[in-house]
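Participant: Below is a structure I'd like to ask you about.
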Amino acid sequence: TPLYSSAASDVYKRQLLSPAGQLVVKVTTDPLIIAAGEGRAEVLVQATDHRGREAADGTLVEFDSSRGMVSPRAIATYKGQACATLLADNKAEDILVSANANGSSGQVVVRVVAGTPALLEVTAKPEQIMATGGISQVTARVSDRHGNLVDGVEVDFTVSAGRLDPPQVTTVNGT
């Protein structure tokens, strides 16, 4: 009887348990973070068999996404690879991109963040205070052109009378 090390035995078992026709589908994107309404990412698929060999040229890869648009929706592999483009929709929420080939699939998550600041809304509560003194809470809300709240924007406040504390803030969750 042959002697196997546990590592060799594990490899042998994995190969036996992996159907010969099944592919391993690895999905990556570049970049991993894009802007809502204007961002795009290249989606790259690497399809290999259970031994790590490239999938046959012409293997059909079908793409899908939870939101946004992937183009093309299907493409044949060349040297085990297939490529598509993800276009973000207007929402600043993660997009799950899936690729399927020969019954096997892979996924990647693309982070979609707010775009360039486009709107600043300032509110005060209460809106008026007595000339003799008082306190009002002033809030700034920064969003992109699609209404997504923008983080990390420095907002400077000025007043014609009285004082502000602090006179400058950086948005967190858009406010």
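The values are calculated or read from the model by the stated rules, or taken from the named source; none is laboratory data. The model shown is predicted, which means the values in this text are computed figures rather than measured ones. A quick note on method: Cβ atoms are made from the backbone with ideal geometry, for glycine too, and the neighbour counts reach across all protein chains shown. Surface accessibility is based on the protein's heavy atoms, side chains included, excluding ligands, DNA and RNA. Shrake-Rupley method; radii C 1.70, N 1.55, O 1.52, S 1.80 Å.
Participant: Evaluate region 82-89: report whether one residue or more is among the polar types (S, T, N, Q) and more than 30 Å from Ala161 (Cα to Cα). If you could, list the steps in order and put the result at the bottom.
Facilitator: Taking region 82-89 and keeping what is among the polar types (S, T, N, Q), we get 85.
Next cut, more than 30 Å from Ala161 (Cα to Cα) only: 85.
So far as region 82-89 goes, yes, one or more of its residues are among the polar types (S, T, N, Q) and more than 30 Å from Ala161 (Cα to Cα).
Participant: Can you tell me which residue is nearest to Thr29 (Cα to Cα) among those in region 84-124 that are of a type in the set (A, V, I, L, M) and open to solvent by 60 Å² or more (accessible area, probe 1.4 Å)? Please lay out each step first, then the result.
Facilitator: Keep residues of region 84-124 that are of a type in the set (A, V, I, L, M), which gives 84, 86-88, 92, 95-97, 99, 101, 108-110, 112-114, 118-120, 122, 124.
Narrowing further to those that are open to solvent by 60 Å² or more (accessible area, probe 1.4 Å): 96, 109, 118-120, 122.
Values: Leu96: 11, Val109: 9, Ala118: 27, Leu119: 30, Leu120: 32, Val122: 38 Å.
Selected residue: Val109.
Participant: Can you list residue pairs whose Cβ atoms sit under 9 Å apart, with the first residue in region 122-137 being under 17 Å from Thr158 (Cα atoms) and the second being assigned to a loop (DSSP other than H, G, I, E, B) and acidic (Asp, Glu)? Count only pairs 6 or more apart in sequence or on different chains.
Facilitator: From residues that are under 17 Å from Thr158 (Cα atoms), the pairs are Ser136/Glu127.
Participant: Anything in region 98-127 that is closer than 24 Å to Thr171 by Cα and assigned to a loop (DSSP other than H, G, I, E, B)? List them, or say none. Reasoning before the result, please.
Facilitator: So the first thing to find is which residues in region 98-127 are closer than 24 Å to Thr171 by Cα, and the list is 110-127.
The answer is Ala114, Gly115, Thr116, Pro117, Ala118, Pro126, Glu127.
Participant: Same structure again: What are the pairs, 6+ residues apart or on separate chains, where a residue within region 33-56 that is more than 30 Å from Ser143 (Cα to Cα) and in a loop (DSSP other than H, G, I, E, B) has its Cβ under 7 Å from a residue that is among the acidic types (Asp, Glu) and modelled with pLDDT under 95?
Facilitator: Listed by first residue and then by second, the contacts come to Ala55/Asp49.
Participant: Take the conditions within 26 Å of Glu38 (Cβ to Cβ) and part of a loop (DSSP other than H, G, I, E, B) and apply them to Arg67. Does it pass? Give the derivation first.
Facilitator: Details: within 26 Å of Glu38 (Cβ to Cβ): yes; part of a loop (DSSP other than H, G, I, E, B): yes.
For Arg67, the condition - within 26 Å of Glu38 (Cβ to Cβ) and part of a loop (DSSP other than H, G, I, E, B) - is met.
Participant: Determine if region 68-82 includes at least one residue that is touching a residue at least 24 places away in the same chain (Cβ under 8 Å) and within 19 Å of the chain's Cα centre (by Cα).
Facilitator: Initial filter on region 68-82 (touching a residue at least 24 places away in the same chain (Cβ under 8 Å)): 68, 70, 77, 79-82.
With within 19 Å of the chain's Cα centre (by Cα) added as a condition, the list becomes 68, 70.
Checked region 68-82: at least one residue is touching a residue at least 24 places away in the same chain (Cβ under 8 Å) and within 19 Å of the chain's Cα centre (by Cα).
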